[in-house]
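**Q** Sharing a structure below in structure tokens format, with a few things to ask.
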């Protein structure tokens, strides 16, 4: 079932593994990371100096892409618990997918559906995909060479996604999340406001730290991010 669901996502043009995308703001060349500084060319000390103590901003909603796929492909099963109106609204959430700001110099975008920000506003961007938010956070932290403090209650998620994941008994934060991304910024609140002005929903979900600890905080509970996360769709 997982292969079929992933293939559906690919047909929509939004599927993909958690990956980093680098765009040199001066040359526009694609490599591995959005921003003027490529972490793959930096030492551990340089990475921490560049990407440490920054806000982590997430665009879109955790697991939304995967829950839309399930609402479409597994509607018969879901109808045993949820009304048709709920499933229709879950499918309609597709309009919220693919909210990723472009990493070109401000004002240089040729696509009116995207927005552009300078390297001073966004130091790095990580595109989410398989393994969901948790996998993306872990991969981004390793690539940037920083620790993380993430507050799970701040991670944006739709109620439809929570309900569908509960039905299938899977973790929504490990659910396929292509179309969303993680952004590193010195001023996450200001970035959030600017994104909202471009019609892109986002939240400040935590911070980077100049160490190796990658922690997700839920009230008094602190849990370390695992090295690998299997996508929730693969468990079905």
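The values are calculated or read from the model by the stated rules, or taken from the named source; none is laboratory data. Quick caveat, the model's predicted, so the values are computed rather than measured. Note: ideal-geometry Cβ built from the backbone for every residue, glycine included; neighbour counts use all protein chains shown.
**Q** Criterion first (under 30 Å from residue 163 (Cα atoms), in a helix (DSSP H, G or I), in contact with a helix residue (DSSP H, G or I) (Cβ under 6 Å, 6 or more places away or on another chain) and at pLDDT 50 or above) does residue 94 satisfy it? Steps first, please.
**A** Working: under 30 Å from residue 163 (Cα atoms): yes; in a helix (DSSP H, G or I): yes; in contact with a helix residue (DSSP H, G or I) (Cβ under 6 Å, 6 or more places away or on another chain): yes; at pLDDT 50 or above: yes.
Spelling it out, residue 94 is indeed under 30 Å from residue 163 (Cα atoms), in a helix (DSSP H, G or I), in contact with a helix residue (DSSP H, G or I) (Cβ under 6 Å, 6 or more places away or on another chain) and at pLDDT 50 or above.
**Q** Does region 61-69 contain any residue that is over 16 Å from the mean Cα position of the chain (by Cα) and either at pLDDT below 90 or surrounded by 16 or more Cβ atoms within 10 Å (Cβ to Cβ) (or both)? Working first, answer last.
**A** So in region 61-69, the residues over 16 Å from the mean Cα position of the chain (by Cα) come out as 69.
Keeping just the survivors that are either at pLDDT below 90 or surrounded by 16 or more Cβ atoms within 10 Å (Cβ to Cβ) (or both) gives 69.
Yes, region 61-69 contains at least one residue that is over 16 Å from the mean Cα position of the chain (by Cα) and either at pLDDT below 90 or surrounded by 16 or more Cβ atoms within 10 Å (Cβ to Cβ) (or both).
**Q** Filter region 166-189 for residues that are touching a residue at least 12 places away in the same chain (Cβ under 8 Å) and over 16 Å from the mean Cα position of the chain (by Cα) and give the result.
**A** Of the residues in region 166-189, the ones touching a residue at least 12 places away in the same chain (Cβ under 8 Å) are 167-168, 170-189.
167, 168, 170, 186, 187, 189 - these are the residues of region 166-189 that are touching a residue at least 12 places away in the same chain (Cβ under 8 Å) and over 16 Å from the mean Cα position of the chain (by Cα).
**Q** Hey, can you tell me all the residues within region 190-223 that are over 18 Å from the mean Cα position of the chain (by Cα), assigned to a strand (DSSP E or B) and surrounded by fewer than 18 Cβ atoms within 10 Å (Cβ to Cβ)?
**A** Once the filter is applied, which keeps residues that are over 18 Å from the mean Cα position of the chain (by Cα), assigned to a strand (DSSP E or B) and surrounded by fewer than 18 Cβ atoms within 10 Å (Cβ to Cβ), region 190-223 yields 218, 221, 222, 223.
**Q** Okay, moving on. Among the residues in region 31-48, are any farther than 28 Å from residue 153 by Cα, touching a strand residue (DSSP E or B) at 6+ places or on another chain (Cβ under 7 Å) and modelled with pLDDT under 50?
**A** yes
**Q** Could you grab me the full set of residues in region 133-162 that are out of contact with any strand residue (DSSP E or B) (no Cβ under 9 Å at 6 or more places or on another chain) and surrounded by 18 or more Cβ atoms within 10 Å (Cβ to Cβ)? Working first, answer last.
**A** Start the filter on region 133-162 by keeping residues that are out of contact with any strand residue (DSSP E or B) (no Cβ under 9 Å at 6 or more places or on another chain), which leaves 135, 145, 157-162.
Listed by number, the residues that qualify are 135, 145, 157, 158, 160, 161.
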